[in-house]
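J.: Pasting a structure here, questions to come.
Just so it is clear, none of the values below were taken in a lab; they were calculated from the coordinates. On a predicted model such as this, the values are computed, not experimentally measured, just so you know. Positions of Cβ are backbone-derived with ideal geometry, glycine not excepted, and every protein chain shown enters the neighbour counts.
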Amino acid sequence: PQGEAARYLTQTRGLAVDEHFGELTPQSIQRAVEGLKLRGKTYNAADFAALGLTAERADRGYNLVIPYYRNGSVVGFLFRNVKATHNGPKYLFSQGLTRGGYCDRLTVGEPAVFVEGEIDAVRLTQSGVANVVAMGNAKMTEATAKLLKSRNVSQITYVPDLEFDAEGKQRTNLIQQAIDGFLAATVDGERVVNNLY
């Protein structure tokens, strides 16, 4: 990948140069429209605006796009602002989507790895680590607890966020609260996490 987003990911975040993340640019949006037309599908500007895939958003620095899956279908996108200095929030979401509990799939009965951010989850998944869940923050949510319970996952490994920006330092101070949240999580009065590493 080329451009400001690629420089941020490879230099600031230290990702290997052969890793690839999709970048949202006005040109990539146009290529997507043309590609859809070739396959007999037509999307207009309103369709892309509803998904949040707009040239304006790309120009503001929200170039890193991560799809959110539920039951194997994309339900929306997370947009990460990758400019070194940016105004506004670090993350934006397509309409109707909120952060938390991102995972592509979770295997029944298998241990899971919990990380804070979606980029961390993508990197681990690309490295061959299975059953990765991005919490989206430093807290165990009710929805995530129910997800674990429904998949009979009771053993997790928690990898806390150790970013060196202001948000990362703030979240790092909440590690103990996150651990307490894992240990206290219940669904229908039954403890969800039995083994925490």
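J.: Would you grab the residues whose amide H sits under 5 Å from the one on Phe77? Only those 5+ places off in sequence or on another chain, please, with H modelled 1.01 Å from N.
T.: Residues meeting the criterion, in which the H sits 1.01 Å from N, are Tyr68, Ser94.
J.: As an exercise, use a Förster radius of 45 Å and the Cβ-Cβ distance of Lys146 and Arg31 to find the FRET efficiency, rounded to the nearest 0.05.
T.: With R0 = 45 Å, the Cβ-Cβ based efficiency is 0.70.
J.: Next up: Suppose R0 equals 30 Å; then what is the FRET efficiency for His86 and Leu196 from their Cβ-Cβ distance, rounded to the nearest 0.05?
T.: 0.30
J.: Then there is this: Taking 0.36 nm per intervening residue step and subtracting the Cα-Cα distance, what contour gain separates Leu97 from Glu56 on full extension?
T.: Going from the current span to full extension adds 12.8 nm.
J.: For the pair Gln126 and Thr186, what calculated FRET efficiency results from E = 1/(1 + (r/R0)^6), where r is the Cβ-Cβ distance and R0 = 45 Å, to the nearest 0.05?
T.: The formula returns an efficiency of 0.85 here.
J.: Describe numerically, in nm with one decimal, the distance between label points set 7 Å from Cα along Cα→Cβ at Gln177 and at Glu110.
T.: 3.2
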